[in-house]
Amino acid sequence: MSEREPSPGGLTARELLELDACTQCGECLRHCPVQDVTGNPAISPPAKIRMFREVLAGTRGLRGRLFGAGAADRRLLEDFTKAVYECTTCGACGRSCPAGIFTQRLWPSLRREMVRRGLGPIGPQAGLPEAIRSTGNPYLKPAAERYAPWFPESVVVAERAELAYYAGCTGAYEARPMVRGDALVLGASGVPFTMLPPEEEVCCGFPLFITGQHDMLRGLVARLVAGYRARGVRTLVCSCPCCVNIMARDWPALYGAELPFRIRHISQFAADALASGKLVPKRGLGERLIYHDPCYLSRGVGIIEEPRAVLRGIPGVTLLEFDRHGLESRCCGAGGAARKVFHENAIAMGRLAVDEAVAKRADRLILNCPACYAKVNEAMVGYDRQIRITDLMELLAEVL
Amino acid sequence: VGALLLLAGYAAYAAFLGRAGALALALARAPADPGGTAGRAPSPARAYAAALLDILLLLRLLRTNAPLWALEWVFHLCVALEAARHLRYLLEPVPAWAAALQAPGLAAGYLLPAALLAILAAKWRRRGSGYYSSENVLLLALLLLGAGTGIALKHLAPTDLVAAKSFMLGFFAFRPGAAPASPLFAAHLLLAFLVLARLPAHVATAPFAILDANRRDAALRGILHE
């Protein structure tokens, strides 16, 4: 379950090997959401790899040794940096890669390398460490507003419990109906759960990880793990796919040991609770629902069936699928912190999801990620096609 | 001509070995790889078996683009058979299995350019809308020319095979001999050396990436499921 943290300042052997393994075939372009909306092969996955190979050749290769690191063309580095930060890191390219390159990890590693070289991050991403240092979240919002505006009064939070809920910054500040749904579902299950106080529930580290800024990660993880440990937590549940991804994949390495609790996505909790009768829908819906798989949940940690089990557990629901779903899902545009800089791309990608959902005559588009929720809602502002957007737990809470 | 061919050949091998050595050095000096695959790692035997199938059958490409997969599979098979067929010019005595592969190797020699042309056409057609690697197209063009000169050597201007073999054995033993007096042979050999010098690193590294991908795919479900 654990992966060692890559050493700072330098790509790992596996990453170097993957860079060389790219055959430059270009098959991934048909699956890249950024290509879908920009049509610009110059920022495509193989182009990024080709550029980075040139960067390496200019700094480490014979040319670099003969002429020094300055031989690495500044323009090339800047072009590469823009391309690697324009990516949503959704990993669809890796899924379609004939060589099986793990791009959902490779792109963040290359971003880390650009940060090391002083070229990344770009735009407002550079302010993330200071925002998190000063407020505990990347949105520069006060801790007092973390839970209060959305947490349901009817739901009781225990001081100590084996089950804990981590709301996450994006849900708490940008997608409140979603985290409210989480809390309502947890409350309805009757299983006691605890939460950290708002000033202690700091960022999980994902925004820093994904933008290549790794300096504060260990501190954040140590703080959070200590908080949950002190509350006797054995299972930590979260609904944000990015948080769940870094918790499951990287927290053990950042913590330096196996975590004292297991990580679960809330859809796993809800599917189990529906199956065991702890949650019972009180009414049906009679609607056509289309479910969007978040990239870091499906390709990232393999959660594909449980959200569908939750939807099928609601009487009367007809479940529709996007053409690209499950492990092949198409990014809605919110991924990889690219939305903070390349806003128009993100909106255009979000609209592709809306277009398909509308074309399939879905009554609602069901999302399962706070970043998707915020961005696809934003994509519909001023758009001629409209669909009702609901978070998975928000929907489940509706029928309980 | 013989001396030029020898120089080109040794330069090509030096370039090939230099690149391979630089890659090995870079990998050896790189920070340690992550200690394991997130999730439950599959048994090594199962991972290697799955990866072997994946590599031999190009299964990942099949999943993505079935028509291109068919062309690439024919192309790779033809290259392997051609390489095996050519061993008779490089080994003495010729192993029985290499002798047995002469007929399929010959057939592969005719099929190879057809597959290459189809792959090039597919890439050319996508030039405006997809990623276009001039490096790849150049390599394919070199292979196509190599295949063309090979067929020409067989049917249009056969060279003295004994002299060709003697030259190649001398080349590998660092005992240079006279090259056959055939411009077509020289062109064919030069093209082979050029391909060797430009051989993409993915020939060596992609199988390891595919092995890793198989481990990762098998372990994915275990990340959040017990």
Query raised in the report: Which of the residues spanning region B:168-192 are aromatic (Phe, Trp, Tyr) and buried (at least 20 other Cβ atoms within 10 Å of the Cβ)?
Result: B:Phe171, B:Phe185
Report summary line: In region A:95-139, residues that are β-branched (Val, Ile, Thr) and closer than 29 Å to B:Ala209 by Cα total 3
Report summary line: Across (1) modelled with pLDDT of 95 or more; (2) touching an Asp or Glu at 6+ places or on another chain (Cβ under 6 Å), B:Ala152 clears everything bar (2)
Query raised in the report: If you go through region B:30-51 one residue at a time, do you hit one that is loosely packed, with under 13 Cβ neighbours inside 10 Å, touching a helix residue (DSSP H, G or I) at 6+ places or on another chain (Cβ under 8 Å), among the aliphatic types (A, V, I, L, M) and at pLDDT below 95?
Result: yes
Query raised in the report: Regarding A:Gln125, is this residue outside any loop (DSSP other than H, G, I, E, B) and either within 12 Å of chain B (Cβ to nearest Cβ) or modelled with pLDDT of 95 or more (or both)?
Result: no
Query raised in the report: Out of all the residues in region A:269-280, is one or more within 22 Å of A:Val354 (Cβ to Cβ), crowded, with 22+ Cβ neighbours inside 10 Å and of a type in the set (A, V, I, L, M, F, W, C)?
Result: no
Query raised in the report: What is the residue count in region A:357-400 for residues that are of a type in the set (Gly, Ala, Ser) and without any contact (Cβ under 8 Å) to a residue 24 or more places away in the chain?
Result: 2
Requested in this report: Scan B:Ala204, B:Ala219 and give me the residue that is in contact (Cβ under 8 Å) with a residue 24 or more places away in the chain, out of contact with any helix residue (DSSP H, G or I) (no Cβ under 8 Å at 6 or more places or on another chain) and either assigned to a helix (DSSP H, G or I) or surrounded by fewer than 16 Cβ atoms within 10 Å (Cβ to Cβ) (or both).
Outcome: B:Ala219
Query - Conditions (1) exposed (fewer than 14 other Cβ atoms within 10 Å of the Cβ); (2) of a type outside the set (A, V, I, L, M); (3) within 12 Å of chain A (Cβ to nearest Cβ); number of the one not met by B:Trp73 - result: (1)
Query raised in the report: Has region B:123-131 got at least one residue that is surrounded by fewer than 16 Cβ atoms within 10 Å (Cβ to Cβ), within 14 Å of chain A (Cβ to nearest Cβ) and either touching a residue at least 60 places away in the same chain (Cβ under 8 Å) or closer than 26 Å to B:Gly2 by Cα (or both)?
Result: no
Query - Given (1) more than 29 Å from B:Ala32 (Cα to Cα); (2) within 11 Å of another protein chain (Cβ to nearest Cβ); (3) among the polar types (S, T, N, Q), number of the condition A:Asn245 does not satisfy - result: (1)
Query raised in the report: Inside region A:223-252, can you point out the residues that are of a type in the set (Gly, Ala, Ser), surrounded by fewer than 20 Cβ atoms within 10 Å (Cβ to Cβ) and part of a helix (DSSP H, G or I)?
Result: A:Ala226, A:Gly227, A:Ala230
Query - Test for A:Val237: is it out of contact with any strand residue (DSSP E or B) (no Cβ under 9 Å at 6 or more places or on another chain) and on the phi < 0 side of the Ramachandran plot - result: no
**Report entry** Every pair of residues 6+ apart whose Cβ atoms lie under 6 Å, when the first sits in region A:227-238 and is in contact (Cβ under 8 Å) with a residue 40 or more places away in the chain while the second is in a loop (DSSP other than H, G, I, E, B) and exposed (fewer than 15 other Cβ atoms within 10 Å of the Cβ)
**Finding:** A:Arg231/A:Arg160; A:Gly232/A:Arg160
Query raised in the report: Yes or no: A:Gln104 crowded, with 21+ Cβ neighbours inside 10 Å, modelled with pLDDT under 95 and farther than 18 Å from A:Glu201 by Cα?
Result: no
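The values are calculated or read from the model by the stated rules, or taken from the named source; none is laboratory data. Quick caveat, the model's predicted, so the values are computed rather than measured. Neighbour counts are summed over all protein chains in view; Cβ atoms, including those assigned to glycine, are modelled from backbone coordinates with ideal geometry.
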